[in-house]
Structure formats: structure tokens, C-alpha cells
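Just below is one structure, and these are the notes that go with it.
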Amino acid sequence: MNLPLVNAGIAGVVLMTSMMAVATFRFRTLVRYFAISSFLLAVLIAGIGYVHANAHLYPIALANVCFKVILIPLLLLRAARASGASERLRSYLRPASTYAVLLGILVFVFVGIRRSPFFGLVDPGYLLYLAVSLVLMGFFMMIARRDVLSQILGFLIMENGIAMFSYATVSSLPILIELGIFVTVTVGALLMSFLSKHVQQLYGTEDTDMLRELTD
């Protein structure tokens, strides 16, 4: 079996499922796509560790599954259920416009990465493309969506990209630092889910535009 080719295919599926997550307007579907994308990302990390004989990446892949595939999705689903949040998500853009922006991001990254000084330092090069694409797609989602829960998932997609960038450029970080990042992301997602619950209780909606009415 050609494992590097398998890893490249997994990277492509991670990118595709992340795009579907950003473009969906149903909360449970969004969480499902994020969990699938994070699971495949963990498989990719383990595959990279195997190809480069870096056993340090195996516990990181396992932690990725525990936190981003199981724990965080359960916390978000529970928070949405407790707050009575609507299944329909809010966005400033329509689905067709969202896909157009996502395609624009992919083209921009493809052209820009080729000229990046990092491109020659990454083996294989598609990891850098995947990392930057996830960061920009997550950032776009945080801007384009109007509800807190979607913005949480946008932040998590962006964090996936940042993590992949670290694996692509420096192979890995010390295990304690990486586990600390997982814990920080989980706590951040939990706090933002509490914010979503309070916004829903105060205004009867998760629309973050209502936060502009808050005063000291």
C-alpha cells in the first residue's frame, strides 16, 4: 500500500468535509462534518507519524480524537440543547455565495502557497496547502456567520489549520504544549457555548448582532 498517496487522499477529504461544514446551515450537520473532518485529520497525523517514523505524533492523533471528535462536539450539542438554540444557523451570505467564497479561498491559497518561502520546507507540500486553507475557511466562517455556535465551529476549524501548519513546518511540538493547546481549545469552546446560552436566554436568539446592544 502506498501510504503517502493514502495520506494525500485523506488530506483531500479533510479539506472537502471542512468546506461542507463551513457551507452547511444546519447545526447538527455542521457538528457532524466537523467531527468527521477532525477524525480524518487525526488519521492523517498518525499517517504522517508513520511515514516519517515519528511516534510522537501518535498520542497527538489520539488526543485529537478524544477532544475534537468526541468531547467538544458533545459539549456543543449539549449546550445547544440546553439553550434551545435553533437548528437553522444564521449567515450574512447565501449558500451559493458561501461556496463561491470558499472556491476563491482555495484558488488564492493554491496560487499563494507556490510563492511562499515555506513551500520548499514542507514535505509533502500539500500539508501546507491544507493548513492555510483550513485557517482561512475557519476565519471566513467566524466573519460570515451571525450565531455564536457557528462562530465556535469556525474557530475550531481555524485551530485545526493552525495545528496542521505546526505539523507541516516543524513536525511536532512538545507533548505537554500540544495537550495544553487541546485543553485550552476545549475550555474556550465550553465558555463560548455558555455565552451562546446566555444570548439565547436574554434575546431569544443566537444572533450575535444583538450583542451590539450591550452596554456597561
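Overview of values
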{"quantity": "Potential lengthening between residue 5 and residue 108 on full extension [0.36 nm per residue; Cα-Cα distance subtracted]", "calculated": "34.7 nm"}
{"quantity": "Peptides ranked, highest mean first, by Cβ atoms within 10 Å: ranges 18-26, 57-65", "calculated": "18-26, 57-65"}
{"quantity": "Per-pair calculated FRET efficiency, R0 = 35 Å: residue 62 and residue 25 via Cβ, rounded to 0.05", "calculated": "0.65"}
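Read-outs throughout are calculated quantities, based only on the coordinates presented, and are distinct from any laboratory measurement. In this text, all values refer to a predicted model and were calculated from it rather than measured experimentally. Reconstructed Cβ throughout: ideal geometry from the backbone, glycine too, with neighbour counts over all protein chains shown.
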